[in-house]
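The values are calculated or read from the model by the stated rules, or taken from the named source; none is laboratory data. Note that this is a predicted model, so its numbers are computed, not measured. As a convention, Cβ positions derive from the backbone with ideal geometry for all residues, glycine included, and neighbour counts pool all protein chains shown. Calculation scope for accessible area: heavy atoms of the full protein, side chains included, ligands and nucleic acids excluded. Shrake-Rupley method; radii C 1.70, N 1.55, O 1.52, S 1.80 Å.
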Amino acid sequence: MTTRMTLGKWTSVAGLAALVLSLGMGPAGAGTTGRITGTVRDAKKQPLAGVNVALTEARLGTVTEADGRFAIYNVPAGTYTLRVSLIGYASTALTGVAIPADRTTTLDVTLEESAVPMQEVVVSAQRPVIELGLTSNVSTVTRAEIATLPVQKLDDIVNLQAGVVDGHIRGGRREEVQYQVDGLTVNNPFDNSSAVQLDRSVLEEVQVISGTFDAEYGQAMSGVVNAVLRRGGDRFQWSGEVFRGDFVYDSGNRPAADELLPGTLQNYQLTLSGPTGFRHTVFLASGRYGVQDSYIRGQSQVLNIDHSQPDTVIYRPGTPDEVPVGYTRGWLGLAKVSNRSIPGAEISYQAILNHIESKQENWDYRLNVAGLPVQRTSSAVHGLQWIHTLRPTTFYRLDVRQNYFDYQDMVYDDVYDPHYDRYGPPFKVDGFQYDAILGGVSETRFIQNTNSVVFAGSISHVAGRSHQLKAGFEWQPARLRFGTPGHLVWTGTEYVRHIDEPAEGFPAPSTYHPVLGSSYVQDDIEWNDLRFRAGLRFEYFLPKATVPGDFANPANTIEGVEPVPEQAASRKVTLAPRLGVSYPVTTKTSLFFAYGHFYQMPQLGQIFTNADYSVLANLQASSDKDYGVLGNPDVKPEKTVQYQFGYKQQLRDWLGLDLTLFYKDIHDLLGTQVQTTYNNAEYERLSNLDFANVTGVTVALDQRSVGLVSTSLDYTWQVAEGSSSDPYEAAARRDAKEDVRPATVPLNWDQRHTANLTVTVARPGAYSVSGVFRLASGQPFTPVSDVGGFGGSLERNAGRKPSSFLMDLRGERTLGRAGSALSLFGVVYNVFDTRYFNGTVFANTGSPYYSRTDTAADQKELANPTRYYPPRRIEVGIRWEGGSK
C-alpha cells in the first residue's frame, strides 16, 4: 500500500514511529549477532539441569533448565568453542561452532558420567547442512570459506550466489539491493550503491538474502547483502597478505602481452587485533593497498596544438614509454574498538575508510592516456554502537553512524587551469589509427558528495519458547551535492568558462537535503510444528524539493495560461507487510512459503538531476533544443510484490537440497514520460511508468566436507521481462525515432540459465585447492537486419548472445605449525582465457567476433580489445598469521 500524506510536523511521523516501536521488540544487533540453543542430556538421553554452558571467547554463558534446554542470545557472529560442564560428568568442548548473524544455531550435547575428573572431551561441531526453519533464501559464507575461495572483493562473493547475475538479484535492477555493514545501511542514496568497497581480509561472514526478507530490512526490492566485519579478541593476533601478478594470455583478438610485468597487480594487507591494555577493551586494525593496471598499454604524451595554425601539430616533450590505458590505486582501512567494562553492555567504535584513484580504461585514448579524466573516490563509514542486555531474554541496541562519500571525475581540479587552454579538447584524424584520440584532454567535469547520518535502534525480547519479538527504527537525514563544477565551451582557440548559468544550460552543482526514515515490527512464532514470521515495515521519505505546480506550464511562461506556483514535493509513506511460513514435514525435510511487499525510492541522483524546470522558459512547439530528461523529486517509491515457495531436505548428513520457486511483480519503476504543454510543445521528464515481472527457479546442492572434498552447486532458471531496462531507455528510443509505446520485452540482464559450481579439496592446516566454475546462457540484444541493403532494428531484445563459461582457481600450501603459519598461494582468474562472457556482440550477427558488414565502425569495434572479457590473470603471494597464547 502506498499513500501520500501531508503531515503538519515531522513530530507526527516520529510519534508514529515511536508507536510502532512500542508494539513489539526484536533481536538487538540485527545483522551482527545470532543465537545458540540446544539440549544437554546424559548417555541415557535424560535431560540434565544446571549444566554450565559457555562460549568463552564471547564471554557469554548460561545454565540449562529443568528439561535440559539452554539458550544464549546476542552472540557476535563468528566461530566459537562451546564448553559444557557439570560435576560428575566429563566436560565437553565443541569446537568450530559457527554462529551466523540473525540466525539460530541448534546443538544438542551428550555428557558422559565420570566419577573422577578426566580430560576434557573435544568434539568438532558441524553446522547443519540445511537450515529447515528459514522462510527466505539466505546464503552465508563464513570467513573460513572465504579464505579458500578465488575471490578478492565483496562483490566477487555476492556474484557466486544462486539467483545473482552481475549484481542483479533475482532479475531486479542492480540498484534494488540493500548493502549493509554490521547490520546498518552503507548505501549511497545518490545511486543506491555501496559507499565502501570491502576486501576479503576484513570479512567475518557475508550474508546474501535473495527474494523475500524480513521487515527489518528496507529500501530494497531484490535482496540484502550484509557484511559482518571481524572483531578483536582477548589474544593478540596478526595476519597479513602480499601478492603480485600480471595478465598472462595468448594475444588472440587482444594486444599481445610482450613481457611479464609482475607489478601490474599488487596487494599489501596487514591486520592486528587483541587487547588494548585498557580493562575489557579489545581492538582490530586492518589496512590494505592494492594496484591494478590495465593490460592494454599506450602512450601518455599529450600533443600541443598551435591553434592559430590548425594544420600545425607540435609534440610536447614527454616519456615515450608505454603506460597502462587505465588503472586503479586503492586504500582500505578498518579500525574497531570494543569495551565491555559495564556488565551486560558493550560499546564500540568502528571506522571504514576508502580512498581510490583510477582512470577508466578507454581504448580511444591509447595514444593520449594523459588526456583521460581521473576518478577520485574517498569514503568514510564510522560510528558508535551500544548494546545492552537488560536480562538474558531482553536487550537493545543503539547506533549512530556517518556515511560519507566524495567523488570527482575530471582531468584538472580547477576549471581555470591553464592546461585546459594549452591542450584544448580531444581531437582525432578521421580513419587514422581507428579514430584514436591524438591530443587534447577530456572536458568531463563532475562531482558528487553525500554526507548522511544514520540513527538506528532496535530492541528484542524472547517471550517463552514460542515468540521472538523485535522492533526497530532508522532515521537518515542526508546532504547530496552533485553536478558540473564549471562548464567548458571551446571557441576554436580557447575555452570559455560558464560557472552558474542554468538558463543557458550551464547549471552549478545542486545541493539537496532529503530525509529517509523507517520503523518495523517483526514476530517469529513457533507453534507446534509450524514456524511463522510476520512483520510490518513503515517507510518515510521527505524530498525537501519543489516541482512545477502545473507540468503543462512548467516554467509559468506560456501566454494566456494562469501561472501556478511551484509546490513542495510531497512526503512519501508506505506500509509493507511481510509473511513467511515454514513447515517441517520430517526432521530432515521442510516446506516454506513467503510473501511480501517491498518499496524503494529510486536513485536520488536521478530524480534530482536536471530538476530545475526554469530551463523550459522558452519552450515552443517548434523548438528543436534538447533539454534532456528532466528530474522529478515528486515520484513515488518503486514497488515489488514477491512470492516464493520452497522445499528443503537433508539428503544425507553431508548433503542438503534447497529448491525455490519465485515470482516478482514490479510496478512504479522510474521511466521517461513525454509531457505535452499548453502550447503543444513536448519535453521529457521522469515518472513512475515502467514495470517488470520475474519468474524463476533456483536449485542448490550443498555438500559438506567428506574426507578432503566439499562442493556446492546451484542452478537458476529465470525470465526477467519488463518495459525498460533503465529509466532513460524510452528517451533514447524516442531520440532514435523508434517506437516508444510500452511493451513487455526481456530485460538486458535476462539470463535464462546460470550455474555455479564450487569444488574445494582441503586438509586444514596443510593445503587447500578450490575452483569456481560458472556457466551462463546468453543475455538479450536487439538484432539489426541488413537484408536487401536496408538496415533497421528488429524487435527490442529479440536476439540472444552466445553462452559462456568461466573458471577460477586458488591453491594454498601452509608451512609451519598451526596458529603461527606461513602460507604460499596462487590464484588464476579466467583459467581458460575466455574472451567472451556476456559482453558486446555485433547487432547484425549476434557474435562478438565478426560482422556482416565491413564498415570503418565495424573495423574499429573489432580492433578494440576492451570489448572482450579481461584476460587470464595470475597472482602469486604469501599469507601469514599468528598470535600469542
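Values as computed for the structure displayed
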item: Residues of region 152-185 satisfying the condition of being open to solvent by 20 Å² or more (accessible area, probe 1.4 Å), part of a helix (DSSP H, G or I) and either aromatic (Phe, Trp, Tyr) or farther than 27 Å from Asn451 by Cβ (or both); result: Asp156
item: Residue ID - farthest from Gly326 (Cα to Cα), chosen from residues in region 244-271 that are among the aliphatic types (A, V, I, L, M) and at pLDDT 95 or above; result: Leu270
item: Members of region 744-761 that are open to solvent by 20 Å² or more (accessible area, probe 1.4 Å) and of a type outside the set (Ser, Thr, Tyr); result: Pro746, Asn748, Trp749, Arg752, His753, Ala755, Leu757, Val759, Val761
item: Flag for Val40 being open to solvent by less than 50 Å² (accessible area, probe 1.4 Å) and either over 23 Å from Glu205 (Cβ atoms) or modelled with pLDDT of 80 or more (or both); result: yes
item: Enumeration of residues in region 336-362 that are crowded, with 20+ Cβ neighbours inside 10 Å and not polar (S, T, N, Q); result: Lys336, Glu346, Ile352, Lys359, Glu361
item: Unique match (being of a type in the set (S, T, N, Q) and free of Cβ contacts under 8 Å to residues at least 60 places away in the same chain) among Ser210, Ser194, Ser239, Ser222; result: Ser194
item: Unmet criterion (only one of (1) of a type outside the set (A, V, I, L, M, F, W, C); (2) open to solvent by 10 Å² or more (accessible area, probe 1.4 Å); (3) over 30 Å from Gln468 (Cα atoms); (4) touching a Phe, Trp or Tyr at 6+ places or on another chain (Cβ under 7 Å)) for Asn188; result: (2)
item: Long-range neighbours under 8 Å by Cβ, at least six apart or interchain, first residue aromatic (Phe, Trp, Tyr) within region 664-682, second open to solvent by less than 30 Å² (accessible area, probe 1.4 Å); result: Tyr678/Ala552; Tyr678/Asn553; Tyr678/Ile558
item: Scan of region 547-569 for residues that are in contact (Cβ under 8 Å) with a residue 40 or more places away in the chain and either under 15 Å from Asp612 (Cβ atoms) or in contact with a Gly (Cβ under 8 Å, 6 or more places away or on another chain) (or both), ordered by number; result: Val547, Pro548, Phe551, Pro554, Ala555, Thr557, Ala569
item: Count of residues meeting criterion [in contact with a strand residue (DSSP E or B) (Cβ under 6 Å, 6 or more places away or on another chain) and either open to solvent by 60 Å² or more (accessible area, probe 1.4 Å) or among the small types (Gly, Ala, Ser) (or both)] in region 389-423; result: 2
item: Considering residues of region 191-206 that are assigned to a loop (DSSP other than H, G, I, E, B) and open to solvent by 20 Å² or more (accessible area, probe 1.4 Å) only, the residue modelled with the highest pLDDT; result: Asp191
item: Condition broken by Phe482, with the remaining ones in (1) closer than 23 Å to Leu616 by Cβ; (2) open to solvent by 40 Å² or more (accessible area, probe 1.4 Å); (3) touching a strand residue (DSSP E or B) at 6+ places or on another chain (Cβ under 9 Å) satisfied; result: (2)
item: All positions within region 822-861 that are of a type in the set (Lys, Arg), outside any helix (DSSP H, G or I) and surrounded by fewer than 17 Cβ atoms within 10 Å (Cβ to Cβ); result: Arg852
item: Lone unmet requirement of (1) surrounded by fewer than 16 Cβ atoms within 10 Å (Cβ to Cβ); (2) at pLDDT 85 or above for Arg59; result: (2)
item: Subset tally (residues that are of a type in the set (D, E, K, R), touching a strand residue (DSSP E or B) at 6+ places or on another chain (Cβ under 7 Å) and open to solvent by less than 20 Å² (accessible area, probe 1.4 Å)) for region 230-271; result: 2
item: Of all residues making up region 191-238, the number that are within 20 Å of Thr660 (Cβ to Cβ), hydroxyl-bearing (Ser, Thr, Tyr) and in contact with a helix residue (DSSP H, G or I) (Cβ under 8 Å, 6 or more places away or on another chain); result: 1
item: Test result for Ala743, aliphatic (A, V, I, L, M) and either part of a strand (DSSP E or B) or modelled with pLDDT of 95 or more (or both); result: no
item: Top-ranked residue of region 683-708 - restricted to ones that are hydrophobic (A, V, I, L, M, F, W, C) and farther than 20 Å from Gln161 by Cα, ranked as surrounded by the fewest Cβ atoms within 10 Å (Cβ to Cβ); result: Val706
item: Residue selected from region 862-883 under the condition more than 23 Å from Tyr268 (Cα to Cα) and open to solvent by 40 Å² or more (accessible area, probe 1.4 Å), by the criterion nearest to the chain's Cα centre (by Cα); result: Tyr869
item: Extreme residue, surrounded by the fewest Cβ atoms within 10 Å (Cβ to Cβ), among residues of region 717-733 that are small (Gly, Ala, Ser) and part of a helix (DSSP H, G or I); result: Ala732
item: Filter result (surrounded by fewer than 19 Cβ atoms within 10 Å (Cβ to Cβ) and modelled with pLDDT of 95 or more) within region 774-790; result: Arg774, Leu775, Ser777
item: Filter pass, Gly771 being closer than 30 Å to Val740 by Cα, open to solvent by less than 50 Å² (accessible area, probe 1.4 Å), of a type in the set (Gly, Ala, Ser) and under 28 Å from the mean Cα position of the chain (by Cα); result: no
item: Residue satisfying all of: in region 579-621; touching a Ser or Thr at 6+ places or on another chain (Cβ under 6 Å) and among the hydrophobic types (A, V, I, L, M, F, W, C); most open to solvent (accessible area, probe 1.4 Å) among these; result: Ala617
item: Qualifying positions in region 509-528 - open to solvent by 30 Å² or more (accessible area, probe 1.4 Å) and outside any strand (DSSP E or B); result: His513, Asn528
item: Counted residues, region 419-467 - those being within 24 Å of Val381 (Cβ to Cβ) and either without any contact (Cβ under 8 Å) to a residue 60 or more places away in the chain or assigned to a helix (DSSP H, G or I) (or both); result: 5
item: Residues (among the β-branched types (Val, Ile, Thr) and either open to solvent by 50 Å² or more (accessible area, probe 1.4 Å) or more than 29 Å from Leu134 (Cβ to Cβ) (or both)) located in region 662-677; result: Thr672, Val674, Thr676, Thr677
item: Enumeration of residues in region 637-661 that are open to solvent by 10 Å² or more (accessible area, probe 1.4 Å) and polar (S, T, N, Q); result: Gln649, Gln650
item: Unique residue being within 15 Å of Gly298 (Cβ to Cβ), over 34 Å from the mean Cα position of the chain (by Cα) and of a type in the set (Ser, Thr, Tyr) when the list is Tyr416, Tyr423, Tyr434; result: Tyr434
